[in-house]
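A quick write-up on the structure given underneath.
The values are calculated or read from the model by the stated rules, or taken from the named source; none is laboratory data. Keep in mind that what you see is a predicted model, and the values were worked out from it rather than measured. Positions of Cβ are generated from backbone atoms using ideal geometry, with glycine treated the same way; all protein chains shown enter the neighbour counts. In case anyone asks, the SASA skips ligands and DNA or RNA and just uses the protein heavy atoms, side chains included. Shrake-Rupley method; radii C 1.70, N 1.55, O 1.52, S 1.80 Å.
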Amino acid sequence: MLLKKWLNNRHPCLISYYTNKTEETILDNQQIKKLIFVLSEKKLAGWDGGFIESVQDYFEKYNKLSEKQISTLLKIKEKFSPENAQAREEWEA
């Protein structure tokens with residue numbers, strides 16, 4: 001609640017940063033596992049696909065991820081969300 005009050009009237013970049021930080025800290029291992037699974041099912045190519053594969057291997061081995069890895073997973077999730085996919089299709093048309 002305090003975070004929401006503090007974020008009022010702040011720059012959108014700050015809001016996004018602190019919202020993502022809060023979201024990262026509340027992901028437990030089960031949620032991380034599900035996120036990795038969902039993203040790996042999308043069969044992403046290029047850097048994103050390689051990152052997902054690497055993180056999946058690391059998570060299976062150590063059962064944890066760094067904040068930076070989680071943050072990047074969340075960015076990839078957002079990048080390939082249905083809303084952003086539709087926007088990309090419209091832009092490319």
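Which residues, taken from region 18-63, are modelled with pLDDT under 95, among the polar types (S, T, N, Q) and touching a helix residue (DSSP H, G or I) at 6+ places or on another chain (Cβ under 7 Å)?
Within region 18-63, N20, T22, S40, N63 qualify.
What are the pairs, 6+ residues apart or on separate chains, where a residue within region 36-58 that is part of a helix (DSSP H, G or I) has its Cβ under 8 Å from a residue that is of a type in the set (K, R)?
As it stands, the answer is V38/K77; L39/K77; D48/K79; G49/K43, since those pairs meet every condition given.
Please state which one of E83, E78 is closer than 21 Å to Q30 by Cβ and open to solvent by 60 Å² or more (accessible area, probe 1.4 Å).
Answer to the check: E78.
From the set of residues in region 59-75 that are of a type in the set (A, V, I, L, M, F, W, C) and part of a helix (DSSP H, G or I), which is nearest to D28 (Cα to Cα)?
Only one residue fits best here, namely I70.
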